[in-house]
């Protein structure tokens, strides 16, 4: 799958691409224990197979990321689910590029399966190991086939979406694709209930949830396309000097509704203090520690004239706030909260007019 926002503590990076495990991995673990699937043979062997399949899913998503990079679209992060993953792209690729990017993931699984089957054919191995390799190869074919189901945002759904966008336009094509995915997820869920196959219900829940979020993202892109960032940014905000302490920051945090504070050295922005960094800093250094010791120096910058729809993927769980700057001049903040509020009023046909920035 390609392009939930559920925080996860299970994070790492591969080739510079952030990767995080979705919380449903814990649900899957509980399901395996409850269903007694691990009891089918050696528990250690089953765990090994799960680890290898996890790596195959990761390679699947890296396939998306590599091809997307070839089209000039960076990958913000990869989210891994028990039944697949999502490579969140920095911007929406063209329909033709999305088609190629979507096919790249299942193609990786097919290649893995072919290589494993060739290995069993040309290399001598004992029966137990042969069965494991064949099982992993077969599972890769299942992964490829499952991801090609026409349920957006799975790869097959993205293929369907790209074709629909070429035919019906982006907004209409995206809406049809996500509606189709939700219908398929409901049918999968009902089938699973009737057949008492609750793992199918579990998969249907994930597909329906992801399709709903993609549908909301599609609406967001439609409402913000052609709108400059400066129209939606927060223009009345507080800043903090680089020499202030955690105690000073806590006073400003309680006095305002802000959770993210630009840190200034004179008139120059040198960092961004978000709520997570503040809590980590006050726990590590105490109230007299300096904010400059924990502020984020690699904060996200946006230009005021950038298209708002193209920067929406940047404002994610890992990047809840971006600074809108013209050169080195700070003009405003763009956060998840004010984007949500902007979309809310846009749905009622209101286009807010930007105000002059007023920093404190």
**OP:** Work out the P(r) tail for segment 198-305: percent of alpha carbon pairs separated by more than 20 Å, whole number.
**Re:** 56 percent
Subject >> Overall Cα dimensions of segment 11-224, principal axis frame, Å, largest first >> reply: 57, 41, 30
Original post:
Summing -39500 (n - 2.57) over the DSSP H runs of n ≥ 4 in the chain and dividing by its residue number, what mean residue ellipticity at 222 nm do you reach, to the nearest 500 deg cm²/dmol?
Top reply: -18000 deg cm²/dmol
Subject >> residue 15-residue 328 FRET efficiency (beta carbon distance; Förster radius 30 Å; 0.05 resolution) >> reply: 0.40
**OP:** Specify whether the C-alpha gyration tensor of segment 256-310 places it in the rounded, prolate or oblate class, a ≥ b ≥ c being the square roots of the eigenvalues: rounded for a/c under 1.5, otherwise prolate if a/b is larger than b/c and oblate if not.
**Re:** prolate
Original post:
How big is the gap, in Å, between the Cα center of segment 173-216 and the Cα center of segment 251-310?
Top reply: 39 Å
Original post:
How many percent of DSSP beta bridges within segment 229-359 run antiparallel, rounded to 5?
Top reply: 70 percent
Original post:
What is the distance, in nm, between label points placed 7 Å from the Cα along the Cα-to-Cβ direction at residue 135 and at residue 259?
Top reply: 4.3 nm
**OP:** Mind ranking 101-108, 125-132, 202-209 by how tightly packed they are, going by the mean number of other C-beta atoms within 10 angstrom, highest first?
**Re:** 101-108, 202-209, 125-132
Original post:
Taking N as the number of residues in segment 229-359, what is its Cα Rg relative to 2.2 N^0.38 Å?
Top reply: 1.06
Original post:
Once a ≥ b ≥ c are taken as the square roots of the eigenvalues of the Cα gyration tensor of segment 284-330, is the result rounded (a/c under 1.5), prolate (a/b larger than b/c) or oblate (a/b not larger than b/c)?
Top reply: oblate
Original post:
What percent antiparallel are the DSSP beta bridges of the chain, to the nearest 5?
Top reply: 70 percent
Original post:
Once the piece of chain linking residue 297 and residue 120 is laid out straight, how much longer is it, given 0.36 nm per residue of separation minus the C-alpha distance between them?
Top reply: 58.6 nm
Original post:
How do the peptides 186-195, 286-295 rank, highest first, by the average count of neighbouring beta carbon atoms within 10 Å per residue?
Top reply: 286-295, 186-195
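No lab work stands behind these numbers, since they all come straight from the coordinates. Just so it is clear, the model here is predicted, and its values are computed rather than measured. Using ideal geometry, Cβ is built from the backbone for each residue, glycine included, and neighbour counts are taken over all protein chains shown.
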